[in-house]
Amino acid sequence: METKTALITGSTSGIGRATALKLARDGVRVVVSGRDADRGMEVVERIRAEGGGAEFVGAELRDAQSAAELAAKATKVAESAGGVLNILVNNAAIGSGGPTAGTEESTFDAVLATNLKVPFYLVANIAPAMAARGGGAIVNVSTLAAEVALPGLSVYGASKAALDLLTKSWAAEFGPAGVRVNSVSPGPTRTPGSEALGEALEQLAAQAPLGFVADPEDIAAAIAFLISDQARFITGAVLDVNGGRTVV
Ligand SMILES: NC(=O)c1ccc[n+]([C@@H]2O[C@H](COP(=O)([O-])OP(=O)(O)OC[C@H]3O[C@@H](n4cnc5c(N)ncnc54)[C@H](OP(=O)(O)O)[C@@H]3O)[C@@H](O)[C@H]2O)c1
């Protein structure tokens with residue numbers, strides 16, 4: 001039986017890291033990816049110490065070419081370990097924000113490139129092989145800011161709202177070949193990336209019925225469920241993991 005292999009972008013930190021650890025515990029071989037090799041190797045070594053399989057593949061994701069290169073390297077890593085790349089988690093993202101007036105064009109372009117263009121070209125390079133083999137699972141990590149207006153997060157939210165539409169497009173495009181595509185949409189979650197928000201993270205969490213800040217493991221559990229065969233009839237969904245923030 002072929003070993004399942006997952007490429008998780010941005011798995012050197014936060015939600016991606018927690019997802020890598022969770023999938024490895026579920027028996028999936030993981031390609032850990034990010035810019036920071038030290039953080040990447042920490043995750044790989046932790047997975048190996050727990051008896052799982054993992055490799056680090058460094059990537060600075062910014063355009064179609066960097067996405068294509070990561071897809072090729074991850075495919076090679078999967079195959080050289082006797083597996084196939086049948087899981088992709090598009091998690092790496094830039095969360096920079098600010099008022100609309102004064103947003104630099106370079107910021108707009110960087111957010112759209114990392115959060116939207118890169119996932120698009122990762123799927124373009126990886127999903128056809130999944131489809132040819134008759135199966136696979138893709139999860140796009142979205143955000144609460146894609147569903148409601150959060151102050152200062154217009155470009156970030158727009159990039160992820162577009163990603164959620166791609167989730168539906170890809171579910172339709174690749175579903176007949178057995179490839180499922182879903183989004184997980186987290187609310188405020190305590191990660192190295194959200195640390196800079198300080199008290200604003202708690203204030204945002206307090207607006208939701210459950211009222212607390214999530215741990216990365218709360219989001220990883222939802223991602224792992226959507227990847228698993230237990231979700232075999234679910235595709236094109238955007239799963240809110242936000243403490244109920246979007247129902248009030
Ligand atoms: N935390 C929250 O409250 C929250 C809420 C809603 C949605 N989200 C979403 O959840 C996902 C993960 O967020 P997080 O809070 O876990 O973030 P984080 O702790 O800042 O981690 C971000 C990860 O993405 C990688 N990354 C960023 N830009 C990259 C680039 N250009 N090329 C390659 N790798 C890059 C980082 O790699 P390096 O280690 O190399 O820097 C790191 O592994 C994002 O999609 C974010 O939008 C987070």
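The values are calculated or read from the model by the stated rules, or taken from the named source; none is laboratory data. Because the structure is a prediction, the values reported are computed rather than measured. Every residue, glycine among them, receives a Cβ derived from its backbone with ideal geometry; neighbour counts consider all protein chains shown.
Points worth noting:
- Screening segment 5-27 for residues that are without any contact (Cβ under 8 Å) to a residue 60 or more places away in the chain, over 11 Å from the mean Cα position of the chain (by Cα) and over 17 Å from GLU195 (Cα atoms) and picking the one that is surrounded by the fewest Cβ atoms within 10 Å (Cβ to Cβ) gives GLY27.
Results for (1) of a type outside the set (Val, Ile, Thr); (2) more than 12 Å from the ligand (Cβ to nearest atom); (3) touching a Cys at 6+ places or on another chain (Cβ under 7 Å), shown as yes or no for each residue.
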{"residue": "LEU165", "(1), (2), (3)": "yes, yes, no"}
{"residue": "VAL179", "(1), (2), (3)": "no, yes, no"}
{"residue": "PRO188", "(1), (2), (3)": "yes, no, no"}
{"residue": "PRO192", "(1), (2), (3)": "yes, no, no"}
{"residue": "ASP218", "(1), (2), (3)": "yes, no, no"}
{"residue": "ALA224", "(1), (2), (3)": "yes, yes, no"}
{"residue": "ASN242", "(1), (2), (3)": "yes, no, no"}
{"residue": "VAL247", "(1), (2), (3)": "no, yes, no"}
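- Hits in segment 126-150 (condition: within 15 Å of the ligand (Cβ to nearest atom) and of a type outside the set (Asp, Glu)): ILE138, VAL139, ASN140, VAL141, SER142, THR143, LEU144, ALA145, ALA146, VAL148, ALA149, LEU150
- So GLY95, is it farther than 22 Å from THR12 by Cβ and either within 10 Å of the ligand (Cβ to nearest atom) or of a type outside the set (Lys, Arg) (or both): no
- Wholly within segment 142-248, helices (runs of 4 or more DSSP H) carrying at least 3 residues that are within 19 Å of the chain's Cα centre (by Cα) and modelled with pLDDT of 95 or more: 154-174, 216-227
- Residue check for PHE120: surrounded by fewer than 24 Cβ atoms within 10 Å (Cβ to Cβ), in a strand (DSSP E or B) and free of Cβ contacts under 8 Å to residues at least 60 places away in the same chain: no
- Residue check, ASP63 touching a residue at least 40 places away in the same chain (Cβ under 8 Å), acidic (Asp, Glu) and within 14 Å of the ligand (Cβ to nearest atom): yes
- Only residues that are more than 26 Å from SER228 (Cβ to Cβ), among the aliphatic types (A, V, I, L, M) and in contact (Cβ under 8 Å) with a residue 24 or more places away in the chain were counted in segment 123-157, giving 4.
- Filtering segment 194-215 to residues that are exposed (fewer than 14 other Cβ atoms within 10 Å of the Cβ) and either among the β-branched types (Val, Ile, Thr) or within 10 Å of the ligand (Cβ to nearest atom) (or both) leaves GLU195, ALA196.
- Flag for ASP229 being more than 30 Å from PRO176 (Cβ to Cβ), out of contact with any Pro (no Cβ under 7 Å at 6 or more places or on another chain) and more than 10 Å from the ligand (Cβ to nearest atom): no
- From the options ALA149, ALA131, residue that is aliphatic (A, V, I, L, M) and surrounded by 15 or more Cβ atoms within 10 Å (Cβ to Cβ): ALA131
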